[in-house]
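Student: Below is the structure I would like to discuss, written out as structure tokens.
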Amino acid sequence: MASKLPPAADWQARDITDWNCATFLAFITETTREKYGVEYSPGGGGSKQARWGRERGMLKNAQGKYGNRVLKAFIEICWREYRTSKPELYPYPSVCFMCGWMDRYFAEAVSQVAREARREKVAADAEQELAVDGEELSDWF
């Protein structure tokens, strides 16, 4: 029997490979509250329902194109690099703003995730190389 995944909104309990749009939105809303001290609300025009739908669509497209690890790294880079001259109006970047105006950071996110993957592979290879087989050790003695 397959193990049941934690709820989609529980982004801290889920492995990044199991994240979906609901998980990303939970991550964004919780982290926005922590980093900026305000409740997250999607940007852009139209009704609130339309704005949430647009953000879900943008997240889904980015997930399909880049993958979960790159998308999460991209969001974190956008938070790090976000600057505004009107913090009272725009205290945080919305998903629409990130994807529309900060999309140049996707390349940095792709590179960052690739570097991390290479580091993990090198560490795993080194660990495997250091593992000594008991039979091989007995041959030494």
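The values are calculated or read from the model by the stated rules, or taken from the named source; none is laboratory data. All values reported here derive from a predicted model rather than from experimental measurement. Heads up, the Cβs are rebuilt from the backbone with ideal geometry, glycines too, and the neighbour counts pull from every protein chain shown.
Student: Within the stretch 6-49, how many residues turn out to be closer than 16 Å to residue 67 by Cβ and small (Gly, Ala, Ser)?
Tutor: 0
Student: Ok, one more. Counting only residues that are surrounded by 13 or more Cβ atoms within 10 Å (Cβ to Cβ) and basic (Lys, Arg), which one in the stretch 65-92 is farthest from residue 24 (Cα to Cα)?
Tutor: Among them, the one singled out is 69.
Student: Any idea how many residues of the stretch 31-50 are loosely packed, with under 10 Cβ neighbours inside 10 Å and charged (D, E, K, R)?
Tutor: 3
Student: If we keep just the residues of the stretch 20-59 that are of a type in the set (Val, Ile, Thr) and free of Cβ contacts under 8 Å to residues at least 60 places away in the same chain, which is nearest to residue 7 (Cα to Cα)?
Tutor: Step one: filter the stretch 20-59 for residues of a type in the set (Val, Ile, Thr), giving 23, 28-29, 31-32, 38.
Next, only the ones that are free of Cβ contacts under 8 Å to residues at least 60 places away in the same chain stay: 23, 29, 31, 38.
Values: 23: 8, 29: 16, 31: 18, 38: 24 Å.
Going through the qualifying residues, I end up with 23.
The rows are residues; the columns are (1) more than 22 Å from residue 109 (Cα to Cα); (2) of a type in the set (Ser, Thr, Tyr); (3) touching a helix residue (DSSP H, G or I) at 6+ places or on another chain (Cβ under 8 Å).
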site: 29; (1), (2), (3): no, yes, no
site: 33; (1), (2), (3): yes, no, no
site: 50; (1), (2), (3): yes, no, no
site: 62; (1), (2), (3): no, no, yes
site: 82; (1), (2), (3): no, yes, no
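Student: Can you confirm whether residue 62 is modelled with pLDDT under 95, surrounded by 10 or more Cβ atoms within 10 Å (Cβ to Cβ) and assigned to a helix (DSSP H, G or I)?
Tutor: So residue 62 does not fit the description; no.
Student: Turning to a different aspect of this structure: Counting just the residues of the stretch 75-101 that are closer than 25 Å to residue 16 by Cα and β-branched (Val, Ile, Thr), which one comes out farthest from the chain's Cα centre (by Cα)?
Tutor: In this case the residue turns out to be 95.
Student: Please determine, by comparing only the residues of the stretch 15-53 that are of a type outside the set (A, V, I, L, M, F, W, C) and touching a Pro at 6+ places or on another chain (Cβ under 7 Å), which one is nearest to residue 72 (Cα to Cα).
Tutor: So the first thing to find is which residues in the stretch 15-53 are of a type outside the set (A, V, I, L, M, F, W, C), and the list is 15, 17-18, 20, 23, 29-37, 39-49, 51, 53.
Now narrow it down to the ones that are touching a Pro at 6+ places or on another chain (Cβ under 7 Å): 36, 51.
Working: 36: 18, 51: 20 Å.
Per the stated criteria, the residue is 36.
Student: Looking at (1) modelled with pLDDT under 90; (2) in a helix (DSSP H, G or I), which is the one condition that is false for residue 100?
Tutor: Checking residue 100 against (1) modelled with pLDDT under 90; (2) in a helix (DSSP H, G or I), the one that fails is (1).
Student: Follow-up. Is there a residue being part of a helix (DSSP H, G or I) and touching a Ser or Thr at 6+ places or on another chain (Cβ under 9 Å) anywhere in the stretch 36-47?
Tutor: No, that holds for no residue.
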